[in-house]
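Notes to accompany the following structure.
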Amino acid sequence: MRPDLARIRRRLRTACTQAGVPADERGRLVLAVTLLAEPALTAGETVDLATAASDRRLAVTVRLDHAVSQGSRDALPLLPERGDGDTLTWHLAGGRPAAPADADDDRATREEMLALVARAATLDREQRDLKHELAETNSGVLAMYVELEQRDEQLRRAHAAIFRELEDALRPRPPAVPGLELAVHYSPTDQDSPTGGDLYDWFVLPDGHVHVTLVDAVGHGVTSTRHALTVTHAIRTLALEGHPFQDLIAHASHTLAAIEPGLMATVLLARVDPATGRTRLANGGHPEPLVVTGTGPARLLPAPLPGRGVGFPDPGSRELVDLVIEPGDTVLLYTDGLVESRKDIDEGQARLLDLAEANRTRPTAALPRELVTRMHDVVLHADDTVVLALRRTSVA
């Protein structure tokens with residue numbers, strides 16, 4: 001993230017904490033300002049930010065070098081005051097005690113996304129309860145019920161737009177690593193409800209190794225998204241604290257058992273040394289990854305045994321898979337939605353091997369999307385799908 005953007009986000013979080021703005025509203029504000037400031041800073045423009053707190057309220061003003069139309073304002077996850085021009089202003093209610101945001105931008109973003117997901121779940125539950133109550137009333141409120149259905153459709157579309165922004169925030173961009181190309185494609189079960197339990201995380205450790213986490217939480221919708229986010233955050237924290245790679249899945253499972261009872265998720269971990277290509281894999285109930293070499297046939301990597309995921313009995317990967325990724329080799333990690341679209345995982349893996357081998361020379365950035373498109377030509381079983389591609393380009 002650009003330093004200027006990082007400072008803007010820190011200032012917003014500090015102001016929200018001082019004014020007592022709750023975490024979910026803070027998250028919507030930070031995301032709205034980020035969507036405006038990031039392209040402006042990238043284009044070399046200036047972004048002025050001012051905050052003022054008074055009488056348990058927070059006022060935030062952002063001034064850009066270009067005008068922002070009302071239509072663009074309405075598309076933001078937190079609506080500013082109406083108007084057209086280069087200045088946008090938000091007024092937020094505060095006054096409630098608020099814990100300080102985490103100093104780390106990634107962790108602070110995850111806290112805000114969890115608060116937003118929890119708020120969305122509460123709104124969905126309240127809306128379902130209201131619809132149920134109206135459905136049990138007499139026919140005299142039929143017109144009101146029809147109107148509610150129409151509003152429900154509008155709300156669903158608005159939620160879908162916000163969820164898409166949340167999904168973009170929850171799915172990190174590939175880190176820039178010399179000698180290693182990384183790419184990802186995510187395909188939701190329902191394009192109008194793009195939240196799901198398939199999430200990933202990747203980051204560079206202090207020793208230069210690249211850590212990758214791929215999670216498939218049991219269930220669908222907002223709850224599974226929250227569970228998957230909780231798992232990726234727990235594993236990131238444990239990895240950065242220096243816990244042994246082979247213990248991460250089991251440690252995360254035991255840590256989360258008391259925090260999120262009922263959480264269940266399969267997990268696949270990869271640890272890559274870009275300088276040598278040495279790679280370790282730990283599997284917790286996930287489909288086997290595959291490797292495509294520069295010249296040889298594509299092959300599935302052996303599954304570590306027994307390998308059970310977070311929330312399952314005896315969680316963790318008792319054995320690891322070690323391999324060396326040579327320059328030109330590609331490793332593909334994916335969730336089961338990729339190979340189960342025709343309800344036959346064996347057939348799906350066989351088709352994936354053929355497609356991966358046929359597309360060995362396709363650019364890394366385009367490979368995951370191409371595989372998903374070809375594998376989902378026939379969909380008898382729809383499921384969220386994530387595909388990650390790791391290709392070693394040269395000796396770092």
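The values are calculated or read from the model by the stated rules, or taken from the named source; none is laboratory data. Fair warning: this is a prediction, and the values are worked out from it, not measured in the lab. Backbone-built Cβ (ideal geometry, glycine too); neighbour counts: all protein chains shown. Keep in mind that these areas ignore ligands, DNA and RNA; they rest on the heavy atoms of the full protein, side chains included. Shrake-Rupley method; radii C 1.70, N 1.55, O 1.52, S 1.80 Å.
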Practice problem: Look at region 190-249 and say how many of its residues are over 13 Å from the mean Cα position of the chain (by Cα), outside any strand (DSSP E or B) and among the hydroxyl-bearing types (Ser, Thr, Tyr). | Solution: 2
Quiz item: Counting only residues that are open to solvent by 30 Å² or more (accessible area, probe 1.4 Å) and either assigned to a strand (DSSP E or B) or under 12 Å from Leu92 (Cβ atoms) (or both), how many does region 48-66 have?
Solution: 12
Quiz item: Glu45 is checked against (1) part of a loop (DSSP other than H, G, I, E, B); (2) open to solvent by less than 20 Å² (accessible area, probe 1.4 Å); (3) over 23 Å from Arg119 (Cα atoms); (4) of a type outside the set (Val, Ile, Thr) and fails just one. What number does that condition carry?
Solution: (2)
Quiz prompt | Flag for Arg82 being within 13 Å of Gln18 (Cα to Cα) and either open to solvent by 40 Å² or more (accessible area, probe 1.4 Å) or under 28 Å from the mean Cα position of the chain (by Cα) (or both) | solution = no
Quiz item: Looking at this structure, is Val331 over 30 Å from Leu256 (Cα atoms), open to solvent by less than 50 Å² (accessible area, probe 1.4 Å), in contact (Cβ under 8 Å) with a residue 60 or more places away in the chain and touching a Ser or Thr at 6+ places or on another chain (Cβ under 9 Å)?
Solution: no
Exercise. Could you tell me which residue of region 196-207 is modelled with the lowest pLDDT, considering only residues that are surrounded by 18 or more Cβ atoms within 10 Å (Cβ to Cβ) and farther than 15 Å from Met113 by Cβ?
Key: Asp198
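Has region 346-358 got any residue that is outside any helix (DSSP H, G or I), in contact (Cβ under 8 Å) with a residue 40 or more places away in the chain and either open to solvent by 20 Å² or more (accessible area, probe 1.4 Å) or more than 22 Å from Thr189 (Cα to Cα) (or both)? Reasoning before the result, please.
So the first thing to find is which residues in region 346-358 are outside any helix (DSSP H, G or I), and the list is none.
There is no residue in region 346-358 that is outside any helix (DSSP H, G or I), in contact (Cβ under 8 Å) with a residue 40 or more places away in the chain and either open to solvent by 20 Å² or more (accessible area, probe 1.4 Å) or more than 22 Å from Thr189 (Cα to Cα) (or both).
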Practice problem: Only residues that are in a loop (DSSP other than H, G, I, E, B) and not β-branched (Val, Ile, Thr): list them for region 376-396, please. | Solution: His376, Asp377, Leu380, His381, Ala382, Asp383, Asp384, Ser394, Ala396
Exercise. Return the only residue of Val395, Val379, Val372, Val331 being at pLDDT below 95, under 27 Å from Thr276 (Cβ atoms) and out of contact with any helix residue (DSSP H, G or I) (no Cβ under 6 Å at 6 or more places or on another chain).
Key: Val395
Practice problem: Take region 267-284 and flag every residue that is in a strand (DSSP E or B) and touching a Pro at 6+ places or on another chain (Cβ under 8 Å). | Solution: Leu268, Ala270, Leu281, Ala282, Asn283, Gly284
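Using the structure shown, decide if Glu25 is over 23 Å from Leu155 (Cα atoms), surrounded by 13 or more Cβ atoms within 10 Å (Cβ to Cβ) and either of a type in the set (D, E, K, R) or free of Cβ contacts under 8 Å to residues at least 12 places away in the same chain (or both).
Details: over 23 Å from Leu155 (Cα atoms): no; surrounded by 13 or more Cβ atoms within 10 Å (Cβ to Cβ): yes; either of a type in the set (D, E, K, R) or free of Cβ contacts under 8 Å to residues at least 12 places away in the same chain (or both): yes.
So Glu25 does not fit the description; no.
Would you call Ala103 crowded, with 18+ Cβ neighbours inside 10 Å, modelled with pLDDT under 90 and over 22 Å from Thr225 (Cβ atoms)?
Details: crowded, with 18+ Cβ neighbours inside 10 Å: no; modelled with pLDDT under 90: yes; over 22 Å from Thr225 (Cβ atoms): yes.
Considered against the rule, which asks whether it is crowded, with 18+ Cβ neighbours inside 10 Å, modelled with pLDDT under 90 and over 22 Å from Thr225 (Cβ atoms), Ala103 comes out as no.
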Quiz item: Which members of region 208-264 meet the condition of being within 20 Å of Leu320 (Cα to Cα) and either open to solvent by 60 Å² or more (accessible area, probe 1.4 Å) or free of Cβ contacts under 8 Å to residues at least 12 places away in the same chain (or both)?
Solution: Leu240, Gly242, His243, Pro244, Gln246, Asp247, His251, His254
Quiz item: Out of Pro39, Pro97, Pro77, which single residue is closer than 23 Å to Ala120 by Cα and exposed (fewer than 13 other Cβ atoms within 10 Å of the Cβ)?
Solution: Pro97
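Within region 268-282, identify whether any single residue is of a type in the set (Asp, Glu) and out of contact with any strand residue (DSSP E or B) (no Cβ under 9 Å at 6 or more places or on another chain), and answer yes or no. Let's see the steps before the verdict.
To start, the set of residues in region 268-282 that are of a type in the set (Asp, Glu) comprises 273.
Those still in the list that are out of contact with any strand residue (DSSP E or B) (no Cβ under 9 Å at 6 or more places or on another chain) too: none.
No.
Does region 76-90 include one or more residues that are in a strand (DSSP E or B), small (Gly, Ala, Ser) and touching a helix residue (DSSP H, G or I) at 6+ places or on another chain (Cβ under 6 Å)? Before the answer, list the steps.
From region 76-90, those in a strand (DSSP E or B) are 85-90; that's our starting set.
Now restrict to residues that are small (Gly, Ala, Ser): 85.
Keeping just the survivors that are touching a helix residue (DSSP H, G or I) at 6+ places or on another chain (Cβ under 6 Å) gives none.
No: region 76-90 contains no residue that is in a strand (DSSP E or B), small (Gly, Ala, Ser) and touching a helix residue (DSSP H, G or I) at 6+ places or on another chain (Cβ under 6 Å).
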